[in-house]
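What follows is a short report on a single structure.
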Ligand SMILES: *Cc1c(COP(=O)(O)O)cnc(C)c1O
């Protein structure tokens, strides 16, 4: 076995004009949150997603917070959201003093089960937060229907779904307001970074206002503030990275999709392994190649598969744990033991395979060979 080889779960690919733009920003002296790369990145990324406005901020978590603040979701409100998501989605709801209300996942896309939303709505419900898990857009037709019926806002957490499509439209343009993350492992990355997108002029204005400590947007210099705002500004250096990354976004998406089809093709006959679906009319961008080890084959379960892959230098990660298990969120309500069977199934059996855009066919081959060897208890050829 080649012991030198190490395959990370996800690394950023910086092979475009990143270095040129960042160097230009440094040389120009514009390194704070003024500078040409910020509007250029906002313009390029919002256009890529098909949204009218983009407001750059310093990470995806604050993008979600800012979106909720701008939309007026606050104390006493309830926000319906998936149980199976990353903690930041629920944290943002907690920041504004609202109550997150969880809904189980749907078994094939692993997204919020749209058919279970309506039963969670009451007079305090003000928004539905959809999270496009691992790059698959949520069932927006069904979700929009419920939102319209009860006059609810739709907030998209699109942190994992840059370039994902639903009926020909991109995530970030599918609801009232959306948040993206550009963390190092996301499909478009600035190391740390985020953006709010919206087609609504007023929501965009409010985002710009609240992200900059509520300095008056008319540049009035009396230094009197009407509201308590936040400093969520992105630096020009990060925006320089973001512009270069956005120029190559479609390349990254096709890399992600190619990697997924290689895994799928190679592992399709392996018993017990389930991939995330791609529903008709959707373009899944496979931010992560999640698999679920649905049943043990030759005594191999999720944890033993991960351990044995790690022994071979192959890095994987477990899926996140459902929100109803989070001690930090216990104050928002207790749920019966078996309230989230799909989310629990994913947490218990799911793992991400290496998924970075820079992986080669050889890398994927190496990973698949290892999985086959482990699950089928075959002799290793390498
Ligand atoms: C990554 C991620 C975030 C948070 O983004 P940060 O930039 O790390 O703050 C929010 N929601 C989801 C679903 C994510 O995957």
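None of the figures in this text is laboratory data; all of them are computed from the coordinates on show. Owing to the predicted nature of the structure, the values given are computational and were not obtained by experimental measurement. Heads up, the Cβs are rebuilt from the backbone with ideal geometry, glycines too, and the neighbour counts pull from every protein chain shown.
Determine, for 325, 53, 227, the number of other Cβ atoms within 10 Å of each Cβ, and report the residues in order from fewest to most. List each step's numbers first, then the result.
Numbers: 325 15, 53 20, 227 10.
Going from least to most buried by this count: 227, 325, 53.
Say we join alpha carbon atoms closer than 10 Å with springs in a Gaussian network model of the chain; which of 315, 24, 11 then has the biggest fluctuation? In the Gaussian network model the winner is 24. Residues 217, 66, 14, ranked from the fewest to the most other C-beta atoms within 10 Å, line up as 217, 14, 66. By the beta-carbon count within 10 Å of each Cβ, the least crowded to most crowded order of 262, 115, fewest first, is 115, 262. Here is the P(r) of the range 242-313: all C-alpha pair distances, binned every 5 Å from 0, give 3, 14, 18, 21, 17, 11, 9, 5, 2, 0 in whole percents. Got a sec? Which residues in the range 132-174 would a label at residue 280 touch, if it sits 7 Å along Cα→Cβ and we count backbone N under 16 Å? Residues passing the 16 Å test: 139-142, 166-168. Distance between the 7 Å Cα→Cβ label points at residue 334 and residue 361: 5.6 nm. Expressed in units of 2.2 N^0.38 Å, where N is the residue count, the Cα radius of gyration of the range 324-382 is 1.78. Full extension of the chain segment joining residue 36 with residue 167 gains 43.8 nm, where the gain is 0.36 nm per residue of separation less the Cα-Cα distance.
Here the Gaussian network model covers the chain, with springs between Cα atoms less than 10 Å apart; of 323, 288, 140, 140 fluctuates the most. With both bridge residues required to lie in the chain, what share of the DSSP beta bridges run antiparallel, to the nearest 5%? Within the chain, antiparallel bridges account for around 60 percent of the total.
With Cα atoms defining each centre, the range 11-83 and the range 309-336 are spaced 27 Å apart in the structure.
FRET efficiency for the pair residue 224 and residue 303, taken as 1/(1 + (r/R0)^6) with r the Cβ-Cβ distance and R0 = 56 Å, rounds to 0.45.
Expressed in nm to one decimal, what extension gain is obtained for the pair residue 217 and residue 202 from 0.36 nm per residue of sequence separation less their Cα-Cα distance?
4.2 nm
From helices alone, the chain scores -10500 deg cm²/dmol at 222 nm; the rule is -39500 (n - 2.57) for each run of n ≥ 4 DSSP H residues, then divide by the residue total.
Assuming R0 = 30 Å, can you tell me the calculated FRET efficiency for the pair residue 26 and residue 231, based on Cβ-Cβ distance, to the nearest 0.05? The pair residue 26/residue 231 has a calculated efficiency of 0.85. Here residue 5 and residue 318 are evaluated by their C-beta separation; at R0 = 25 Å the FRET efficiency comes out at 0.65. Axis angle, to the nearest 10 degrees, between helix 249-267 and the longest C-alpha principal axis of the chain: 20 degrees. Express the Stokes-Einstein translational diffusion coefficient of the chain in µm² s⁻¹, to the nearest whole number, given a Kirkwood radius over alpha-carbon pairs, 20 °C and a viscosity of 1.002 mPa s. Calculated translational D: 99 µm²/s. Compared with the dominant principal axis of the Cα atoms in the chain, helix 37-49 is inclined by about 60°. In degrees between 0 and 90, to the nearest 10, how far off the longest principal axis of the chain does helix 361-376 point, with axes built from Cα atoms? For 361-376 against the chain, the angle is about 50 degrees.
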